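Here's the structure we're looking at; comments come further down.
The values are calculated or read from the model by the stated rules, or taken from the named source; none is laboratory data. Source: prediction; values computed, not measured. Note that we place each Cβ from the backbone using ideal geometry, even for glycine, and neighbour counts take in every protein chain shown.
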Amino acid sequence: MKICPIQKSSGILILVFLSFNLISQIQAQGKTIPDSKLNLNEQKKDNPMKRTDSDWKRILSPEEYRILRDKGTERAFTGKYDGHFEEGTYKCAGCGNKIFDSESKYRSGCGWPAFSDALPESVAETKDNTMGMARVEITCSKCESHLGHVFNDGPNPTGLRYCINSVSMDFNQEEKK
Ligand SMILES: [Zn+2]
């Protein structure tokens, strides 16, 4: 097939144009790298679970570590929030995730802080068959720290009793929603 000179030169121009475009795209990609690094940092910030076991040992006191990371239980009637009825928000002692509102706290008499409800999506439930009992363990949905257990002998309307270690929580009066 015979190509006339005008067509040939416009073909070369298109090629030059395309290569220039390609080089610009590669350069643009190079410029976006710092942004993707920022995204990575944000993901880390939202994921305190990335902490290693030695991180937790450094951050937490031995008693906090025993309960939050080793699924221990504080002695009944000894916790600082058992008889605590101020208005505010209870947060996970491991990561600061808001887990309970004081409105749901009630006197259960069981020896540990009790709540009839948790804040939406703040906790996770897992079947726990240790200690010869069929219980449901409650952990923080953000950092997976052990908080306590939930039982179905609570007050209406939920009928639930979240039985939580004081050590697993930090109370914040200002954070009242
Ligand atoms: Zn947490």
Selected residue (criterion: nearest to the ligand (Cβ to nearest atom)) from residues of the range 94-113 that are surrounded by fewer than 18 Cβ atoms within 10 Å (Cβ to Cβ) and over 18 Å from Gly79 (Cα atoms): Gly96
Taking Ala134 as meeting all but one of (1) surrounded by fewer than 20 Cβ atoms within 10 Å (Cβ to Cβ); (2) within 16 Å of the ligand (Cβ to nearest atom); (3) of a type in the set (A, V, I, L, M), write down the number of the exception. (2)
Please specify each residue of the range 121-131 satisfying the condition of being more than 15 Å from the ligand (Cβ to nearest atom) and not hydrophobic (A, V, I, L, M, F, W, C). Lys127, Asp128, Asn129, Thr130
Whether any residue in the range 146-158 is within 13 Å of the ligand (Cβ to nearest atom), acidic (Asp, Glu) and modelled with pLDDT of 95 or more is what I want to check. no
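Quick test for you: out of Lys142, Lys105, Lys127, pick the one residue that is touching a Pro at 6+ places or on another chain (Cβ under 7 Å) and closer than 24 Å to Met49 by Cβ. Before you say what the answer is, go through the steps one by one.
On the way: Lys105 fails: closer than 24 Å to Met49 by Cβ; Lys127 fails: touching a Pro at 6+ places or on another chain (Cβ under 7 Å).
None of the other options fit; the residue is Lys142.
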Examine the range 61-83 for a residue that is free of Cβ contacts under 8 Å to residues at least 40 places away in the same chain, under 22 Å from Glu174 (Cβ atoms), in a loop (DSSP other than H, G, I, E, B) and in the same structural domain as Ser168 (by TED's automatic domain parsing), and state whether such a residue exists. yes
